[in-house]
Amino acid sequence: MSTSINNAESVKQFRGELTQLAERLDDTLKQTEQSMEELRESWKDTQFQHFSTKFEDDKAMIRPLRDKIVEFESVTLKRKEDKIRQYLSN
């Protein structure tokens with residue numbers, strides 16, 4: 001069952017939540033990268049190398065996810081919000 005949102009303010013609010021999510025992903029990723037750099041200085045063994053490799057693998061998945069969230073918000077949902085507003089203004 002599919003649900004359609006036909007309220008421009010609800011779409012706008014959801015867009016804002018997605019923007020915040022993307023920003024939090026960016027911030028968390030930057031903080032984690034900084035922490036990894038600090039760890040790299042003190043934790044110089046094979047276990048860290050394994051941990052670092054897994055982190056790089058995760059980053060490779062997080063960035064495209066973040067990009068898709070931003071694209072969905074700024075293109076798809078923006079278009080829907082504009083169409084709803086246009087429809088309601090007629």
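What follows draws every value from the coordinates through simple rules; no lab data is involved. For clarity, every value in this text was computed on a predicted model and none was experimentally measured. All Cβ positions, even for glycine, are placed from backbone atoms using ideal geometry, and neighbour counts span all protein chains on display.
Converting phi to 3J(HN,Hα) with the Karplus coefficients 6.51, -1.76 and 1.60 and the offset θ = phi - 60°, segment 49-62 yields 4, 4, 4, 5, 5, 5, 5, 4, 4, 5, 4, 5, 8, 5 Hz in sequence order, with x at every glycine or proline. Think of the chain as having a plus end and a minus end, set by charges on the Cβ of Lys, Arg, Asp and Glu; of T28, P64, V11, V11 sits farthest toward the positive end of this dipole.
Above 16 angstrom, tally the Cα pairs of the chain and express them as a % of all pairs, no decimals. In whole percent, the share of Cα-Cα pairs in the chain beyond 16 Å is 64. FRET efficiency for the L29 to K54 pair, using the beta carbon distance and R₀ = 25 Å, is estimated at 0.95. Derived scalar couplings between HN and Hα for segment 19-34 equal 4, 4, 4, 4, 5, 5, 4, 4, 4, 5, 5, 5, 4, 5, 4, 5 Hz in order, rounded to whole Hz, by the Karplus curve 6.51 cos²θ - 1.76 cosθ + 1.60 (θ = phi - 60°), x for Gly and Pro.
Can you tell me the orientation of helix 78-89 relative to the chain, as the angle in degrees between its alpha-carbon axis and the longest Cα principal axis, to the nearest 10? That works out to roughly 20 degrees. Rounded to the nearest 20, the Cβ-based charge dipole of the chain about its Cα centre (Lys and Arg +1, Asp and Glu -1) stands at 560 debye. Just flag the chymotrypsin sites (Phe, Trp or Tyr not before Pro) in segment 27-82 sitting in loop per DSSP whose Cβ has no more than 16 other Cβ atoms within 10 Å. In loop regions of segment 27-82 (DSSP not H, G, I, E or B), the sparsely surrounded chymotrypsin sites (Phe, Trp or Tyr not before Pro) are W43. Helical runs (DSSP H, four residues minimum) scored at -39500 (n - 2.57) apiece and divided by the length of the chain put the mean residue ellipticity at 222 nm at -28500 deg cm²/dmol. Annotation note: trypsin sites (Lys or Arg not before Pro) in the chain located in DSSP loop regions with a Cβ neighbour count of at most 16 within 10 Å are K44.
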